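Comments concern the structure below.
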Amino acid sequence: MKILVPVKRVIDYNVKIRVRPDGSGVETANVKMSMNPFDEIAVEQAVRLKEAGQASEVIAVSLGVQAAQETIRTALAMGADRGILVVTDQELQPLAVAKALAIIAGRENPDLILLGKQAIDDDCNQTGQMLAALLGWAQGTFASKLVIADGFATVVREIDSGLETVRLKLPAVVTVDLRMNEPRYATLPNIMKAKKKPITSLTSDELGVDLVPRIKTLKVTEPPKRKAGIKVASVEALLDKLQNEARVI
Amino acid sequence: MAILVIAEHDNTTIMSATLTTLGAAACIGGEVHLLVAGKLGGEIAAAAAGIVGVTKLLVADHKEYAHDIAENLAPLVVHLAKSYTHVLAPATSTGKALLPRVAAQLDVAQISEIIGVVAPDTFTRPIYAGNAIATVQSFDKIILITVRGTAFEPVARTGGSALIESVVGTGDCGLSSFIGQELSKSERPELTSARIVVAGGRGIGSSDNFKLLEALADKLGAAIGASRAAVDAGFIANDAQVGQTGKIVAPELYIAVGISGAIQHLAGMKDSKVIVAINKDEDAPIFQVADYGLVADLFKAVPELTLALNKPR
Ligand SMILES: Cc1cc2nc3c(=O)[nH]c(=O)nc-3n(C[C@H](O)[C@H](O)[C@H](O)COP(=O)(O)OP(=O)(O)OC[C@H]3O[C@@H](n4cnc5c(N)ncnc54)[C@H](O)[C@@H]3O)c2cc1C
Ligand SMILES: Nc1ncnc2c1ncn2[C@@H]1O[C@H](COP(=O)(O)O)[C@@H](O)[C@H]1O
């Protein structure tokens, strides 16, 4: 079984985002970048399937600027076998990413594509579902558990009302949620080994995919700030405020 | 301009997320049709036809839609979408699984979790866990949108009278089958539409200790929420998670207990009207968004608060 894992380079989840004063976006200069946390979980799951003897090869794919290569290296250090980088300076939106991934899937013929459920920069939560649609495959979204057996993937999904189990025909797309696993840290020896693993670079022209965004971002602004509150000294004082000042209880 | 709204329901009742999504449709303007697809029971169609602002109710009552399988629902919505300028779904686990699949099949983009309508083709949506707000414009011939329920006023459940039309099924596509579900049963109000939410974090320490919060919640008629850390630790079920990647809530009162206030958590609750934080660490970031902060040991403060609420006022 071959597994494809799309990994996105995003601003690290610990960074405090700053909106550019001119409204053109958020500040990305001199900001720590990392692999999207959900994609780490996807890589971890793929590597575990390989370690369990269920997968033969794990391929990490990223679309983005040249530096997205570092994100692929992280996946390789976690245990992926090789990488594919689609280099572009284009602003990327889920439909375009899904189209590029569909073409790569057509070339690589994976049995399973594991994505993050959501990129923590655009917060779109779309790419996996779009990719599954373009390939005509089943989709297991927001997965917290994944079992592969007999040509099927059994997926436990985190849904608004609890948990749901579905059985998907393979090949399939699965998007992972937070509780699927705890991703490993790459060890120094594995980081060294990853440097020797192959990464193929492609351009969107070579892929024959149109990456031009469909949606135009007119401006990016700061969210409204909450007024600073007060500290109360006791439960009694709190109750008094809630009843007589805020009047919410 | 005509808008198709995809209803969120459990086959017997229309969920409140449908009403807020219809609220967003009203902001866009134009005729609004509502699609209820499922294996329907009871009087759901009749009830849905009474929702204010809906002129036509499309009922797709077929077994292939019984479990909200996106692979089965997508062909239905793709087929219907071609007669509309907009298709809206609530940003629920069902809507988020379905709408991108529909979008790709139509070769259009999808706009996730809008919080405002600027013009019929221009919307605002949070990015970076709500630390920035993007204003985006669509140029697609059909605009597909998921709607953040907390950002729009719900339309009234009754008072309208939509024409009812049944829609033929598109069959089971054979890709995905429903095996089972583990639903969290609770008598408490539903988290995303509750007037008061009492939420617990890692500081609660165990699932047993969550009973302290439950007692308080019951006193207040509140729903129970949680941080990711509390869910990860197994104190409470996944559907209680509030945050960037969990549920978005904006109740009149949010009481955060033993929650530090990470940005990913704030993303899910900072639009609450009044925020109370109970935390023993006076430097916890949650205090920066709290209207009323109480620096205290929760094991003392929570029972005290519950007790105080028992006293006649
Ligand atoms: C990709 C990604 C997505 C995420 N999505 C979410 C999300 O949707 N929702 C979410 O919540 N988090 C999310 N997180 C996790 C988030 O970053 C934090 O780790 C999490 O919110 C912390 O939960 P907590 O506040 O309960 O725990 P902690 O940060 O450990 O805080 C516990 C708090 O309890 C207090 N405390 C302890 N004991 C007591 C006591 N006896 N009395 C009073 N106070 C006490 C402590 O002072 C502390 O402030 C996400 C993280 C990532 C990377
Ligand atoms: N530029 C990209 N390169 C590789 N994978 C991506 C990219 N953008 C999105 N993805 C994948 O799609 C998932 C969901 O992203 P999104 O739909 O943008 O929230 C991510 O977790 C990644 O697995």
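The values are calculated or read from the model by the stated rules, or taken from the named source; none is laboratory data. Quick caveat, the model's predicted, so the values are computed rather than measured. Methodologically, a virtual Cβ is constructed for each residue, glycine included, from the backbone with ideal geometry; neighbour enumeration extends over all protein chains shown.
Values computed for the structure shown
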item: Which listed residue is surrounded by fewer than 16 Cβ atoms within 10 Å (Cβ to Cβ), within 16 Å of ligand 1 (Cβ to nearest atom) and either within 14 Å of chain B (Cβ to nearest Cβ) or closer than 23 Å to residue A:219 by Cβ (or both), from A:12, A:89; result: A:12
item: Unique residue being free of Cβ contacts under 8 Å to residues at least 12 places away in the same chain and either at negative phi or within 9 Å of chain A (Cβ to nearest Cβ) (or both) when the list is B:121, B:107, B:140; result: B:107
item: Matching residues, the stretch A:36-59, being crowded, with 21+ Cβ neighbours inside 10 Å, more than 14 Å from ligand 1 (Cβ to nearest atom) and among the polar types (S, T, N, Q); result: A:45
item: Set A:45, A:54: member being of a type outside the set (Gly, Ala, Ser), more than 29 Å from residue A:203 (Cβ to Cβ) and outside any loop (DSSP other than H, G, I, E, B); result: A:45
item: Residues of the stretch A:131-166 classified as buried (at least 20 other Cβ atoms within 10 Å of the Cβ) and basic (Lys, Arg), total; result: 1
item: Failed item in (1) among the small types (Gly, Ala, Ser); (2) within 15 Å of ligand 1 (Cβ to nearest atom); (3) not in a strand (DSSP E or B), with residue A:24 passing the rest; result: (2)
item: Odd one out for residue B:89, checked against (1) outside any helix (DSSP H, G or I); (2) at the interface with chain A (Cβ under 7 Å from one of its Cβ atoms); (3) away from ligand 1 (no atom under 16 Å from the Cβ); result: (2)
item: Residue B:161 closer than 22 Å to residue B:94 by Cβ, touching a residue at least 24 places away in the same chain (Cβ under 8 Å) and polar (S, T, N, Q); result: no
item: Residue satisfying condition, being within 16 Å of ligand 2 (Cβ to nearest atom) and under 11 Å from the mean Cα position of the chain (by Cα), within set A:47, A:5, A:26; result: A:5
item: Evaluation of residue B:83 against (1) assigned to a loop (DSSP other than H, G, I, E, B); (2) crowded, with 20+ Cβ neighbours inside 10 Å (one fails), failing number; result: (2)
item: Any chance residue A:167 is within 16 Å of ligand 2 (Cβ to nearest atom), among the basic types (Lys, Arg) and either at the interface with chain B (Cβ under 8 Å from one of its Cβ atoms) or in contact with a Phe, Trp or Tyr (Cβ under 8 Å, 6 or more places away or on another chain) (or both); result: no
item: Given (1) at the interface with another protein chain (Cβ under 8 Å from one of its Cβ atoms); (2) within 25 Å of residue B:263 (Cα to Cα), number of the condition residue B:184 does not satisfy; result: (2)
item: Selection count, the stretch B:221-235, where residues are crowded, with 22+ Cβ neighbours inside 10 Å and either more than 10 Å from ligand 1 (Cβ to nearest atom) or part of a loop (DSSP other than H, G, I, E, B) (or both); result: 5
item: Failed item, numbered, when residue A:71 is tested on (1) within 16 Å of ligand 1 (Cβ to nearest atom); (2) within 12 Å of another protein chain (Cβ to nearest Cβ); result: (2)
item: Counted residues, the stretch B:209-220 - those being within 13 Å of chain A (Cβ to nearest Cβ) and within 14 Å of ligand 1 (Cβ to nearest atom); result: 1
item: Test for residue A:188: is it more than 11 Å from every other protein chain (Cβ to nearest Cβ), more than 15 Å from ligand 2 (Cβ to nearest atom), surrounded by fewer than 22 Cβ atoms within 10 Å (Cβ to Cβ) and modelled with pLDDT of 95 or more; result: yes
item: Given (1) more than 16 Å from ligand 1 (Cβ to nearest atom); (2) at the interface with another protein chain (Cβ under 10 Å from one of its Cβ atoms); (3) under 18 Å from residue B:67 (Cβ atoms), index of the condition residue A:144 fails; result: (1)
item: Residue A:163 vs. criteria farther than 20 Å from residue B:247 by Cβ and either without any contact (Cβ under 8 Å) to a residue 40 or more places away in the chain or touching a strand residue (DSSP E or B) at 6+ places or on another chain (Cβ under 7 Å) (or both); result: no
item: Per-region count, the stretch B:1-35, residues among the aliphatic types (A, V, I, L, M) and assigned to a loop (DSSP other than H, G, I, E, B); result: 3
item: Qualifying positions in the stretch B:287-306 - small (Gly, Ala, Ser) and facing chain A (nearest Cβ under 7 Å); result: B:290, B:293, B:301
item: Cβ-Cβ under 7 Å pairs, at least 6 apart or on other chains, the stretch A:24-41 side closer than 13 Å to residue A:78 by Cβ, far side more than 12 Å from ligand 2 (Cβ to nearest atom) and among the polar types (S, T, N, Q); result: A:35/A:74; A:41/A:181
item: Failed item, numbered, when residue A:108 is tested on (1) closer than 26 Å to residue A:11 by Cα; (2) touching a residue at least 40 places away in the same chain (Cβ under 8 Å); result: (1)
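To keep it simple, each residue is scored yes or no on (1) more than 8 Å from ligand 1 (Cβ to nearest atom); (2) under 15 Å from residue A:234 (Cβ atoms); (3) touching a Cys at 6+ places or on another chain (Cβ under 7 Å).
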| site | (1), (2), (3) |
| --- | --- |
| B:257 | no, no, no |
| B:264 | no, no, no |
| B:271 | yes, no, no |
| B:276 | yes, yes, no |
| B:282 | yes, yes, no |
